[in-house]
Amino acid sequence: MSLKSETLLNELIELTQKNIDAAELFKNYTTEQLNWKENTESWSILECVEHLNRYSDFYLPEISQKIRNSKSIPSEIFKSNWFGRYFSKSVSYKEKLNKMKTFASMNPINSELSISTIDKFIIQQHEVLELLDKAKNVNLDKTKTAISISKLIKLKLGDTLRVLIYHNERHIKQAENVLELV
């Protein structure tokens, strides 16, 4: 898959803004509503958001450092490889979501969470927007980042940004679905 780098970054900026807007709406609900869950195995709205915060705690410093240290010049075209396509597709939002196991460290189930969870998410998403802007100045193919499951596996920056933001969208939509049940 190849597309214009600018097109990819603009799509990711738009998705990130939608995620921020959705999170802002969550702040209109009480802590009790935000912590409500359908059953003991499901996640509440705040648990969905906390899950994203935990991934951003890894990815934001990683992406920031790789962009800062990149010596590459931007390329007009971004070419995703099979692994990047597979990984970003596996975490992206679909109407009929496939259940996925998460790592224990990334699983917020039964956490004590408050509105500050949403505030942190919004702050992190503004950082994502800044990183997307900075990514315009590097090669999205040649700049590589580690991934959360193994520092030994590297993804192209364009794919890492897709994974992070598609994953955010997936769980924001999950939280919106929980909201419909509250």
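The values are calculated or read from the model by the stated rules, or taken from the named source; none is laboratory data. In this text the structure is predicted, and so the values were computed from the model without any measurement. Methodologically, a virtual Cβ is constructed for each residue, glycine included, from the backbone with ideal geometry; neighbour enumeration extends over all protein chains shown.
Listing for the model above:
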{"item": "Residue in the stretch 137-147 that is nearest to PHE78 (Cα to Cα), counting only those that are part of a loop (DSSP other than H, G, I, E, B) and in contact with a Leu (Cβ under 6 Å, 6 or more places away or on another chain)", "result": "LEU140"}
{"item": "Answer from LEU113, LEU129 - the residue that is among the aliphatic types (A, V, I, L, M), over 23 Å from LYS154 (Cα atoms) and touching a helix residue (DSSP H, G or I) at 6+ places or on another chain (Cβ under 8 Å)", "result": "LEU113"}
{"item": "Complete set of residues in the stretch 123-150 that are surrounded by fewer than 14 Cβ atoms within 10 Å (Cβ to Cβ) and modelled with pLDDT under 95", "result": "ILE149, SER150"}
{"item": "Subset of the stretch 153-169 [surrounded by fewer than 21 Cβ atoms within 10 Å (Cβ to Cβ) and either assigned to a helix (DSSP H, G or I) or on the phi > 0 side of the Ramachandran plot (or both)]", "result": "TYR166, GLU169"}
{"item": "Residues of the stretch 33-92 satisfying the condition of being touching a strand residue (DSSP E or B) at 6+ places or on another chain (Cβ under 9 Å), under 25 Å from LYS151 (Cα atoms) and acidic (Asp, Glu)", "result": "GLU62"}
{"item": "Lone unmet requirement of (1) touching a Pro at 6+ places or on another chain (Cβ under 7 Å); (2) closer than 22 Å to LEU131 by Cα; (3) acidic (Asp, Glu) for GLU76", "result": "(1)"}
{"item": "All helices (runs of 4 or more DSSP H) inside the stretch 31-122 with 1 or more residues being at pLDDT 95 or above and surrounded by 15 or more Cβ atoms within 10 Å (Cβ to Cβ)", "result": "31-35, 45-69"}
